[in-house]
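Structure first, then comments.
Any read-out appearing in this document is the output of simple, stated calculations on the displayed coordinates, not a laboratory observation. Quantities reported herein were computed from a predicted structural model and do not represent experimental measurements. Because the Cβ atoms are built from the backbone with ideal geometry, glycine has one as well, and the counts that use them run over all protein chains shown.
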Amino acid sequence: MSTQYEQQKDTYKLVEKLASKSFKKEHVLLKYLVKNIVNMKEFDITGGRIWELEPETASYKLVYQYGEVKRIPNGYTIAIAEHPILPRLIKERTVLNYETDPVLREKGIEIYSVTGVGDVIRLKTGKYYKYALGFNAPEILQSFYETLNIINSVVNIALKSLGAQQKQHKIEKDILKASEIQRSLQPDHKLQFHDYDIYGLCLSAHYVGGDYFDYILHSVDEEERLSVLVSDAAASGLPAATQALFVSGAIRMGSTFTPSISKFMSKLNNLIYE
């Protein structure tokens with residue numbers, strides 16, 4: 001459990017850097033992200049790559065690679081038609097899979113996790129993210145998969161913010177980032193649990209804040225249970241929204257390891273305090 005919280009602390013630090021650091025280009029932001037994720041020792045990630053969509057050829061082109069793996073040829077492309085995992089990113093955002101491409105397998109990539117970020121581009125065959133970030137390791141832990149989902153939200157926010165800055169310099173960056181973070185935390189407003197229809201809606205008094213709610217489904221002794229979480233960060237604006245993002249990720253991950261509410265809240269409070 002302590003290792004999981006150490007991972008969450010490192011993730012929070014990375015999220016904070018992404019939310020506060022100023023990037024001038026998309027590639028600079030994504031390279032910074034890939035390097036930091038590969039260098040996080042807790043996850044034992046051996047390599048990371050940035051793939052950029054090429055609409056003309058319906059393929060993804062390798063634009064950056066980092067880590068202790070054999071070098072993939074510069075400009076190597078993978079066809080969307082030959083990789084059915086790529087269309088799934090629009091709905092699932094992050095996917096875990098075994099590598100099937102012969103060139104990538106020859107470079108030592110066997111199991112990987114890929115997440116889609118950036119603008120959504122429509123092609124004849126469907127919708128695709130502008131970028132796909134792939135990470136490989138001897139074993140992809142569930143905790144890394146969950147962390148990548150959290151980081152995915154922040155990266156998309158940062159990329160949208162970067163685009164907004166280039167088009168409209170008058171937009172307040174903190175408000176834009178924080179409002180997107182807050183919206184990304186909210187689940188679907190409707191949930192059906194056995195005979196119960198549950199509805200939730202979160203409207204901040206101001207533009208942004210640390211208010212959020214969530215539904216957490218889990219099992220205890222083979223009994224399916226539902227927890228409804230309502231939270232309010234003491235801070236305001238971007239710091240509150242960032243803190244809420246971190247806490248929501250810690251709660252989702254921690255709830256799978258600690259069935260006891262009292263023990264879980266104690267560890268969560270210690271983590272936030274530190």
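Computed from the C-beta positions of I261 and T100 and an R0 of 41 Å, the FRET efficiency is 0.45 to the nearest 0.05. Rounded to whole Å, the principal axis extents of the Cα atoms in the range 2-159 read 44, 32, 27, largest first. Under 17 Å from a point 7 Å along the Cα-to-Cβ line of R88: which residues of the range 114-141 have their amide N that close? Of the residues in the range 114-141, 114-117, 127-129, 132-137, 140-141 have backbone N under 17 Å from the label point off R88.
Would you list I80, I198, I45 from fewest to most Cβ contacts within 10 Å? Walk me through the numbers on the way to the answer.
Details: I80 20, I198 12, I45 25.
Sorted ascending by nearby Cβ count, the order is I198, I80, I45.
In terms of distances greater than 31 angstrom between alpha carbons, the cross-link table entries K31/K263; K13/K263; K41/K127; K9/K130 yield K31/K263; K41/K127. Take the Cα of M40, step 7 Å toward its Cβ, do the same at K17, and the gap between the two points is 1.1 nm.
Between E54 and H189, take the C-beta separation as r, use R0 = 35 Å, and let me know the FRET efficiency to the nearest 0.05. The computed FRET efficiency comes out at 0.40. Could you tell me the calculated FRET efficiency between L217 and L123, based on Cβ-Cβ distance and R0 = 35 angstrom, to the nearest 0.05? Step by step, r from the Cβ atoms, then E = 0.50.
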